[in-house]
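Here is the structure we will look at.
The values are calculated or read from the model by the stated rules, or taken from the named source; none is laboratory data. Everything numeric in this text was worked out from a predicted model, so none of it was measured. All Cβ positions, even for glycine, are placed from backbone atoms using ideal geometry, and neighbour counts span all protein chains on display. For the accessible areas, the whole protein counts, side chains as well, though only heavy atoms, and no ligand, DNA or RNA atoms are used. Shrake-Rupley method; radii C 1.70, N 1.55, O 1.52, S 1.80 Å.
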Amino acid sequence: MNFRNLEWLFAVAITLHNVEEAIWFPAWSQRAGRWHRPVAPGVFRFAVAVLTTLAYAVTWLSAASGKQTVWTYAAFGYMAAMLANVVVPHVAVTVAMRRYMPGVVTAVAVNLPALSMLMVLAWREGYVSGWKAVEYSVGVAGLLLLSIPVLFRLGEVLGL
């Protein structure tokens, strides 16, 4: 098992996770209270479709460019962001609400083991290293967080 052979597992894991959310999140958000504002099905599905497409694009660019490239660091950062997403919000909100939050099943059963393994392999095999990996992890997570309300608003403007 090596990072290059398994890198596409990232995009597959994100797809499974985003499909789980796309099916159940919009209805859940209608009764989530303080945990999330209601979001229309089309708006939410548009946002996760864009983010899923982004995962495939970054994975392809990383696979095409090799070790220590901006795209491999970006893919690593996206993996780190989605690994953090397992705990916050999925596990934390599920525990706090004492009920299922859409995405928690694939977050724990798929993303947690797959992304942990990929990140360890990327680090161990020298695809990423040092503070640069940490910086990209924080930076990409921040950009992804900022993109969510923008994508929701764009979906609303498009009438989805």
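Leu54 falls short of the stated requirement of being open to solvent by less than 40 Å² (accessible area, probe 1.4 Å), under 14 Å from the mean Cα position of the chain (by Cα) and of a type in the set (A, V, I, L, M). Note on region 68-83: residues that are surrounded by 15 or more Cβ atoms within 10 Å (Cβ to Cβ) and in contact (Cβ under 8 Å) with a residue 40 or more places away in the chain total 11. Among the residues of region 5-27, count how many are open to solvent by less than 60 Å² (accessible area, probe 1.4 Å) and closer than 30 Å to Phe76 by Cβ. Looking only at that region, the number is 13. Scanning region 28-50 for residues that are crowded, with 18+ Cβ neighbours inside 10 Å and either part of a helix (DSSP H, G or I) or hydroxyl-bearing (Ser, Thr, Tyr) (or both) returns Trp28, Ser29, Val43, Phe44, Arg45, Phe46, Ala47, Val48.
Here Met117 meets each of (1) of a type in the set (A, V, I, L, M, F, W, C); (2) open to solvent by 40 Å² or more (accessible area, probe 1.4 Å); (3) free of Cβ contacts under 8 Å to residues at least 24 places away in the same chain with one exception, condition (3). Out of Val138, Val104, Val93, Val134, one residue alone is closer than 19 Å to Gly77 by Cβ and open to solvent by less than 70 Å² (accessible area, probe 1.4 Å). It is Val134.
Selection of first residues in region 14-35 that are β-branched (Val, Ile, Thr) and of second residues that are open to solvent by less than 80 Å² (accessible area, probe 1.4 Å) and assigned to a helix (DSSP H, G or I), restricted to Cβ pairs under 7 Å at least 6 apart or on distinct chains, gives the following pairs, ordered by first then second residue: Ile14/Thr52; Ile14/Ala55; Ile14/Met82; Thr15/Thr52.
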